[in-house]
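What follows is a short report on a single structure.
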Amino acid sequence: MLGDDVAGREAMLAHRQDWAKPLEAQGIKGAKGAIRPLAQIHCEVSGEVARILRLTADTEAALRHIFEAWNGTGMPDGLAGAAVPRAVYVVTLAGDLEIFSRVYGLPGALTLIAGQAGTRYPAELAALVTDQAARWLELLATREPAGLDESIQAPQMQATTSTELIGDVIDLKLPWMTGYSRAVARAAAACSARLGADAAGEARLYAAALIHGIGRAAVPNGIWNSPGRLSAAEWEKVRLVPYWTARAGKQTGTLAQAAELASYAYERLDGSGYFRGVGGQALSFEARVLSAAVAFVALGEKRPWRDALPAAEVAQRLRTEANEGRFDGEVVEALIDTGDAPPRGTRARQQAIRLSARETDVLRSISRGASNKEAARELDLSPSTVRTHVESVFRKLECSTRAAATLKASALGLL
């Protein structure tokens, strides 16, 4: 709806006056009505992540209502006043102060915040920000990030987040990527084990494969969904995906090493890959396995610009690439021999949730972006039958959006 979802999100968060123009250009009147379904998805997915991470009930409730407003005009449920978790107002004000002060300077930020006092957030909290903002920002600017992180660590934040969960959230950006990160991780880990890698190396590869798509968030969905040839400018954005993966990983601490390896996902032995364009001895064994595994899984899946390739054609293409010096031949043969490795990792099946075979088929189809009608054609069912299965899946998973159902089903090992 926003055209460029990356730039559109930036404009919306900064409250730029023309942020809704792409909607108006499509004849959509009332930006709020258009955004409401997106807010519902955001809140439900955020709440599901909090539940999977076993965060507190208060934290989960705040995330499920993060776009609510003091005067009841927020989303997704139109809560008002004290019915909105107080943390929502605190987070909203903190976010607005950070973004507005960076975009418009502190005076401009305080003017914008004051203009929404008593509507978006309580007047007394807005007044507190107005009074203290300069001191807070100065303090933040002079403190070391490590010290700040240490000072706000809650007990739940000491635990390490499941890397599988991070991979699942990464894949939510594009429906046709559902399960892709896990599939690459399985293939890479199985390949490295077959070639005699030790347990530590296999674990590094598995983690790197799960998070190799973090940088994908920096590229607009319109580029990813393009069925035709990309322009030079669009291709340059795609080439920087592994660069952004490395940058993001360095900010996470515990995933820094895995993200560095992940940033080699698109390099090639002959130096024709990206973003570094290195090859030969500059690519470690793990980097060679990762890059081949990424290609191996991607070629076997449907993309907006091509259909999925049969297994025999995938094998033929990879062998051709290896013969031409772009992939390690031994790695390619190991990947082909291992095929689609069985699931592994930390997913715990919740036996209380049981989907029928048909419900699983329908969920798998809609999780990859199919509409009810498209799923009906794919599975040779009537649209009404598909709708019944979708409603049953949502009821069993306690979800109301496809994104949240996809995330929860992936975490439970149901997809």
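When PRO122 is tested against (1) within 20 Å of TYR89 (Cα to Cα); (2) touching a strand residue (DSSP E or B) at 6+ places or on another chain (Cβ under 9 Å); (3) not basic (Lys, Arg), exactly one condition is not met: (2).
Within the option set THR130, THR163, being among the polar types (S, T, N, Q) and crowded, with 17+ Cβ neighbours inside 10 Å holds for one residue only, THR163. Considering the range 354-385, the residues that are part of a helix (DSSP H, G or I) and among the hydroxyl-bearing types (Ser, Thr, Tyr) include one that is surrounded by the fewest Cβ atoms within 10 Å (Cβ to Cβ), namely SER384.
Go through the range 275-309 and give me each residue that's farther than 19 Å from CYS191 by Cβ and crowded, with 18+ Cβ neighbours inside 10 Å.
The one that is farther than 19 Å from CYS191 by Cβ and crowded, with 18+ Cβ neighbours inside 10 Å: PHE275.
Mind checking which residues of the range 114-162 are part of a helix (DSSP H, G or I), under 32 Å from the mean Cα position of the chain (by Cα) and β-branched (Val, Ile, Thr)? Within the range 114-162, VAL129, THR142 qualify.
Counting residues in the range 163-182 that are among the basic types (Lys, Arg), part of a loop (DSSP other than H, G, I, E, B), assigned by TED's automatic domain parsing to the domain that holds ALA246 and under 30 Å from VAL90 (Cα atoms) gives one or more.
One line per residue, one yes/no per condition, for (1) basic (Lys, Arg); (2) at pLDDT 95 or above:
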site	(1), (2)
VAL278	no, yes
GLU286	no, yes
ALA292	no, yes
LEU299	no, yes
PRO310	no, yes
ALA322	no, yes
ARG326	yes, yes
LEU335	no, yes
PRO343	no, no
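The values are calculated or read from the model by the stated rules, or taken from the named source; none is laboratory data. Everything quoted here is computed from the prediction, not taken from an experiment. Note that we place each Cβ from the backbone using ideal geometry, even for glycine, and neighbour counts take in every protein chain shown.
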